[in-house]
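Okay, structure first, notes after.
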Amino acid sequence: MSEENAKKQQLSKAFYSQTVDAVFEELGSKPEGLSDSEAKSRLSQYGANELEEGKKKTMLQKFLEQFKDLMILVLIAAAAISAMVPNAEGHREWVDAIIILAVVIINAVMGVIQEAKAEQAIEALREMSTPNANVLRDGHSVTVSSTELVPGDIVLLEAGDVVPADMRLIEASSLKIEEAALTGESVPVEKELTVLEGQDIGIGDRINMAYSNSNVTYGRGKGIVVNTGMNTEVGKIAGMLANADETETPLKRNLNQLGKFLTAAILIIAVIMFFVGTVLNGRDWVEMLLTSISLAVAAIPEGLPAIVTIILALGTQVMAKRNAMIRKLPAVETLGATDIIASDKTGTLTLNQMTVEKLYFDDHQYAASDDISMDNMALKIMNFANDTRIGQEGNLMGDPTETALVQFGRDKGFDVRQEEPKEPRVADLPFDSDRKLMSTIHKLADGRFLVAVKGAPDVLLGRTKEVLLNGKVLPMTAAEQEKVLANNKDMAKQALRVLGMAYKYIDSVPEKLVSEELENDLIFAGLVGMIDPERAEAAGAVKVAKEAGIRPIMITGDHRDTAEAIAGRLGIIKPGDDAAVLTGAELNQMSDADLAQNISKYSVYARVSPEHKVRIVKAWQQEGKVVAMTGDGVNDAPSLKQADIGVGMGITGTEVSKGASDMVLADDNFATIVVAVEEGRKVFSNIQKAIQYLMAANLGEVLTLFIATLLGWDTLLPIHLLWINLVTDTFPAIALGMEPAEKDLMAHKPRGKNSNFFSGGVMSSIIYQGILEAAAVLFVYWSALQWPAHTAANMPGLDATGLYDLQHADALTMAFATLGLMQLFHAFNVKSVHQSLFKVGAFRNKAFNWAILLSFVLMMGIIVIPGLNDIFKVTHLDWYQWGIVVGASFAIIPVVEIVKAIQRAMGKE
């Protein structure tokens, strides 16, 4: 950025506090606009009015990034060792290497596919730019591409336009601009030319400014462009998105921790084994090196990355059916760790649709659901003094406040399309922000005219002299005014936007409409209170989240009173708990350290900017919390990207917010987030089960090899370990990822950012279960060697050497079969870390049942099918030997059940 551009960006912070003349002088412009030559010169100086495109990663870069994970690097190293170092027979283990590399590559490809669209936020922002703009050049109105706008240009605005750049308004005629995408406030802002005092005024309060990508909903205006491209407010958001740090997810953190742990453990065991074998037992160092390498390969759960990816992918399918669309696989698991749900108000907790909630007339306050006659004068006025346009299909267009009034009339049987032709509008006095009133004049059947007036209650009361009470027109007394003002205040406390209605009859339409004459001596008819209401299911979702130990907080650009009222009604805070609300202005007075220290005091953040949202999310993260941020507007995008998981809205959300999100809600339903959290917890639990299963199995294999080597036994061959890892590890582990959620899953608090896959008793379970597996295998192997009489009886005539070889082959086969079968039986144990198998249901997961059956067939096939047993160097076993194998394998179920019962009795669930 040039020094001049930097200067303009700095000055843009104060344009709203300068007079129009000062802005013209600052930008070197004039009321008739720039000349074509000056515009071209400035275009070359400032650049096109468009957002810079972020540097894209190539598919190759995305693919290579998948290999940064430590676990993946360990697997690649293991594959290289398997391929390069020959075994005792002089052969290289190419099969091992190929299988490991295939698993790694498949995992990387799946990761690239899931994250291919992760960097679309900036492109979506670019697409939001309006294609054309009406500007003054040399005093003439011309249409140019919005990309050609430069600081100093004079732009004309009308209802329906998208503001093409940041502008200081120089004319405003009933101008209203909807800025929800930037501020989160659903009600359009009434624009004025007033010079604002102060240097710390939020975007939503800068009533003399118009910002790029906001929408003109009413009136017309004119503004001088003060910033374009990346210097606009939406451009700053784009810059924040491009520079946002990628947050490490709990899943990545856990897998990295697991990789580091396995690497350290494998190296230590391999070194100890090599030292004991060579130094203490005097074995050949080459033989021990190969043995140590084979043990290291056996210790690595090479299928784990793929299994984790598959379990996450299965989770995305389940969540998609429940309206939660996952854009990045780790987001599934991250949801399960969520401590904080930071939700935008407008469109997320509320409907983003102004709705009539209260009505006051005849000295009584009525709910919108109460029966109200279509002849009610207040109902008639709110529909007559209204500029809502109605499409052919009945759709309402215009200011959201006015469309809400027309919709309310429809709900009560008053269809303005049918009623107004009976008393047609013949003149009007448009809304003006100075007088805060709007009036329409309608011709009546008796020749008189009805003046319908709508506006600010306090202003309206000052212009009334009578009041309509129960069908009678009575004098407006001081006591009656107090009643009206009290009800106005009561509605305002409920965060309702209140308008007053009044009327009078005149004999003729004045030639010149003057407010002081037309809008005086009125008859007061009533008040109407409106609000952007909370979603029907939102309060229930907040309650469920709290019960699950998750803290919902609201972050909005709306006013403090509105935010506090909505939060109180939803149960986010206690009604009237003002201390739990923090405004953007107050936040500006706090340092990051102060905010982090006091962050837990606040549950509602009102009138905030995009920068504030990012600060709030970071402050919670510094507290060690996992933060899920929901949002639908452009202003939410940076905080969505900063959060541990960004949740975008699929219906009302901008493409920007969707592109910056990890998950998108197809139904914009806050309750879907709670459903997604439950699914995320289930996914983590199932990954934890798969890891417990795999690690216990691999620990059993490592201990078996380690102890057997120390004892001089030859229990398992490399091909045996490879086949067991391929058959008994993969299918059951994937099936465990499809286990139904345990009943009390949402009764526990979030596991926290510092938890890992070994938390909650998993590590201790892995250790004792791995020891059990190794002990059983070694016992079966030892037992087989102790019964030569049985072998001799089956094979008479063998010499001692042949008898030993056959006996050893049987022992090797029995050890191999025991290890494989025990792992399949053990898969039933890990359906729950602490709950009994009989409580969670042994066979309710059909996919698991089929996986166990398939693994069993593949495992037994190589033993009982002639020819295959020769390839795998195993023998046929008789019924006696099979009885020992099955009995030892099955024993792990009752033993683990006993341990679980003891743990539950000790309160370690």
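Could you list K546, K176 in order of exposure, starting from the residue whose Cβ has the fewest other Cβ atoms within 10 Å?
Values: K546 13, K176 23.
Going from least to most buried by this count: K546, K176.
Annotation: peptides 856-865, 818-827, ranked by per-residue average of other Cβ atoms within 10 Å with the highest first, follow the order 818-827, 856-865. Each peptide among 578-589, 673-684, 405-416 gets the average number of other Cβ atoms lying within 10 Å of its residues, and from highest to lowest they stand as 673-684, 405-416, 578-589.
Mind ranking 500-509, 136-145, 225-234 by how tightly packed they are, going by the mean number of other C-beta atoms within 10 angstrom, highest first? Write down the numbers at each step before the final one.
On the way: 500-509: 18.9, 136-145: 13.5, 225-234: 25.2.
Descending mean neighbour count gives 225-234, 500-509, 136-145.
Across the stretch 868-877, computed HN-Hα scalar couplings (Karplus, 6.51 cos²θ - 1.76 cosθ + 1.60, θ = phi - 60°) run 5, 5, 5, 4, 8, 6, 10, 10, 6, 10 Hz from first to last residue, x flagging Gly and Pro. Seen from a random direction on average, the alpha-carbon convex hull of the stretch 535-663 projects onto 7.4 square nanometres.
By the scheme Lys and Arg +1, Asp and Glu -1, what is the net charge of all other residues having a beta-carbon under 13 Å from that of W620? Summing Lys/Arg as +1 and Asp/Glu as -1 gives +3.
Can you check what the net charge comes to around T464, using other residues whose Cβ is under 12 Å from the Cβ of T464 (Lys, Arg +1; Asp, Glu -1)?
On the way: positive: R463, K465, K504; negative: D458, E466, E480, E519, D521.
For residues surrounding T464, the net value is -2.
Principal axis extents of the C-alpha atoms in the stretch 299-454 (largest first, rounded to whole Å): 96, 37, 35.
About the centre of its Cα atoms, the stretch 355-531 shows a dipole size close to 100 debye [charges on the beta carbon of Lys, Arg (+1) and Asp, Glu (-1) only; nearest 20 debye]. Enclosing the Cα atoms of the stretch 682-905 in their convex hull gives a volume equal to 129 cubic angstrom per residue.
Which of the pairs K260/K846; K454/K613; K493/K753; K601/K749; K358/K436 have their Cα atoms more than 29 Å apart in this structure? From K260/K846; K454/K613; K493/K753; K601/K749; K358/K436, over 29 Å: K260/K846; K454/K613; K493/K753.
For E897 and L854, compute 0.36 nm times the residue count separating them, minus their Cα-Cα distance, and round to one decimal in nm.
Net length gain for the segment: 13.0 nm.
What percent does the relative contact order of the stretch 355-531 come to when contacts are Cα pairs within less than 8 Å and at least six residues apart?
Values: 323 pairs, mean separation 47.7, N = 177.
Contact order relative to length: 27 percent.
Counting other beta carbons within 10 Å of each Cβ, put K689, K454, K236 in order, fewest first. Show your work: numbers first, answer last.
Working: K689 24, K454 27, K236 19.
Ordered by Cβ neighbours within 10 Å, fewest first: K236, K689, K454.
Site pair E197 and I865 shows an inter-label distance of 9.0 nm when each label is modelled 7 Å from Cα along Cα→Cβ. Dividing the Cα radius of gyration of the stretch 831-876 by its Kirkwood radius returns 1.23 for Rg/Rh.
Each of D490, D344 has some number of other Cβ atoms within 10 Å of its Cβ, and from fewest to most they run D490, D344. Restricted to Cα atoms, the stretch 496-549 shows a radius of gyration and a Dmax of 22.3, 67 angstrom.
Principal axis extents of the Cα atoms in the stretch 316-370, from largest to smallest and rounded to whole angstrom, are 59, 24, 14. Where a Cα-Cα gap under 22 Å defines reach, which lysines qualify for K62, not counting those fewer than 8 residues away within the same chain? Candidates past the 8-residue exclusion: K117, K252, K328, K641, K658.
What FRET efficiency would be calculated for the residue pair E158, S373, taking the C-beta separation as r and a Förster radius of 51 Å, to the nearest 0.05? It comes out at approximately 0.85. By the equivalent-ellipsoid construction on the alpha carbon gyration tensor, the stretch 355-531 comes out with semi-axes of 22, 21, 15 Å, ordered largest to smallest. Compute the FRET efficiency between K443 and E482 as 1/(1 + (r/R0)^6), taking r as their Cβ-Cβ distance and R0 = 35 Å, and round to the nearest 0.05. The formula returns an efficiency of 0.45 here.
I'd like the per residue volume of the convex hull spanned by the Cα atoms of the stretch 434-510, given in cubic angstrom. If you can, show how the numbers build up before the last one.
Values: hull volume 9.1 nm³, N = 77.
That works out to 118 Å³ per residue.
Calculated FRET efficiency, S515 to S37, Cβ-Cβ distance, R0 = 51 Å: about 0.70 to the nearest 0.05.
Only the coordinates and a few stated rules stand behind these numbers; no lab work does. All figures in this text were calculated on a predicted structure; none of them were measured in a lab. Note that we place each Cβ from the backbone using ideal geometry, even for glycine, and neighbour counts take in every protein chain shown.
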